[in-house]
Amino acid sequence: MSLYRQHHNSYNAFSTTPVISYKWGDHVDHVWVDPKRVRVIRWNNRVLISSGQLVSPIPSDHSPILVDVQVN
């Protein structure tokens, strides 16, 4: 229902230059859900960006992904 920075790669290699890709499947870690029992409400790549660059210090080689789901 809501996507944010879905084209930013969640793997950052501790680099401040964001990697952007528009082909689905080659730029993000996966969050697996059962579509019969779970609905994804919101999906966010929570990387901090300022002036087009990742904010340092970068604490991990992956940016956090936040997913809100509704479980039936």
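The values are calculated or read from the model by the stated rules, or taken from the named source; none is laboratory data. Keep in mind that what you see is a predicted model, and the values were worked out from it rather than measured. All Cβ positions, glycine included, derive from the backbone under ideal geometry; neighbour counts span all protein chains shown.
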If you take the residues in the stretch 19-57 that are at pLDDT 85 or above and on the phi > 0 side of the Ramachandran plot, which one is nearest to the chain's Cα centre (by Cα)?
52
What pairs can you find where one residue is in the stretch 46-72 and under 12 Å from residue 16 (Cα atoms), the other is among the polar types (S, T, N, Q) and loosely packed, with under 12 Cβ neighbours inside 10 Å, and their Cβ atoms are less than 8 Å apart, with a gap of 6+ or different chains?
53/17; 54/17
Collect the residues in the stretch 1-18 that are at positive phi and either surrounded by 14 or more Cβ atoms within 10 Å (Cβ to Cβ) or not in a loop (DSSP other than H, G, I, E, B) (or both), keeping them in residue-number order.
5
Considering only residues that are farther than 30 Å from residue 35 by Cβ and part of a strand (DSSP E or B), which ones fall in the stretch 46-72?
49, 50, 53, 54
